[in-house]
Amino acid sequence: LNLLYVAFTRAENALFAFLTNDYNELKSINKLIIDSLEKLNDKIKVSILGDMFELGPDAEKEHQNIVDLASTQLLDKIILIGNNFYKTKIVSPKVTTFQSFDDFKNSFNHSQLEFATILIKGSRGMALERVLELMWKLVLK
């Protein structure tokens, strides 16, 4: 996997740590990435997942499969962004959905992510690097 690890620091403690992969989605890789996040020893683990655009007629089913998988993992919070994820059936209170990135940005509560290791994964078209930009703004305040 080609994951980029980014850590923001304030004083001596990490404020946020990110694992990002902005390659176009391969549905087979999502399970591996989510499983990898679960196995980390970090105290707070958050997954921010964006829609997968390359799935064609299987899009609805595959997005639901990812939601079902992530919901069973030992993650503290799962944030889903995009129309496909917004339409899924959510069965876990740790899952929050946003129909668009703007909805996420406008409702974003950074305190939920403080001191967390955060996996960011989505199709390139979701431009989820904007999450990093939001976090930088919070760190630089």
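Look at LYS121 and say whether it is of a type in the set (Lys, Arg) and touching a residue at least 60 places away in the same chain (Cβ under 8 Å).
yes
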- Between residues in the range 61-84 that are closer than 20 Å to THR117 by Cβ and of a type in the set (S, T, N, Q) and residues that are in a helix (DSSP H, G or I) and open to solvent by less than 20 Å² (accessible area, probe 1.4 Å), which pairs lie under 9 Å by C-beta distance while being six or more apart or on different chains? GLN73/ILE34; GLN73/LEU37
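Only residues that are on the phi < 0 side of the Ramachandran plot and surrounded by 19 or more Cβ atoms within 10 Å (Cβ to Cβ): list them for the range 68-87, please.
Across the range 68-87, the qualifying residues are ALA70, LEU75, ILE78, ILE79, LEU80, ILE81, ASN84, PHE85.
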- So which pairs qualify, if the first residue must be in the range 89-117 and closer than 20 Å to SER71 by Cα and among the small types (Gly, Ala, Ser), the second must be open to solvent by 90 Å² or more (accessible area, probe 1.4 Å) and in a loop (DSSP other than H, G, I, E, B), the Cβ gap must be under 9 Å, and the two must be at least 6 apart or on different chains? ALA116/LYS43
- Name the helices (runs of 4 or more DSSP H) wholly within the range 52-118 that hold at least 1 residues that are within 18 Å of VAL131 (Cβ to Cβ) and modelled with pLDDT of 90 or more? 83-86, 101-107
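The values are calculated or read from the model by the stated rules, or taken from the named source; none is laboratory data. The shown structure was predicted, so the numbers you read here are calculated from the model rather than taken from an experiment. With ideal geometry, Cβ positions are generated from the backbone for all residues, glycine too; neighbour counts draw on all protein chains shown. With ligands, DNA and RNA removed, areas are computed over all heavy atoms of the protein, side chains included. Shrake-Rupley method; radii C 1.70, N 1.55, O 1.52, S 1.80 Å.
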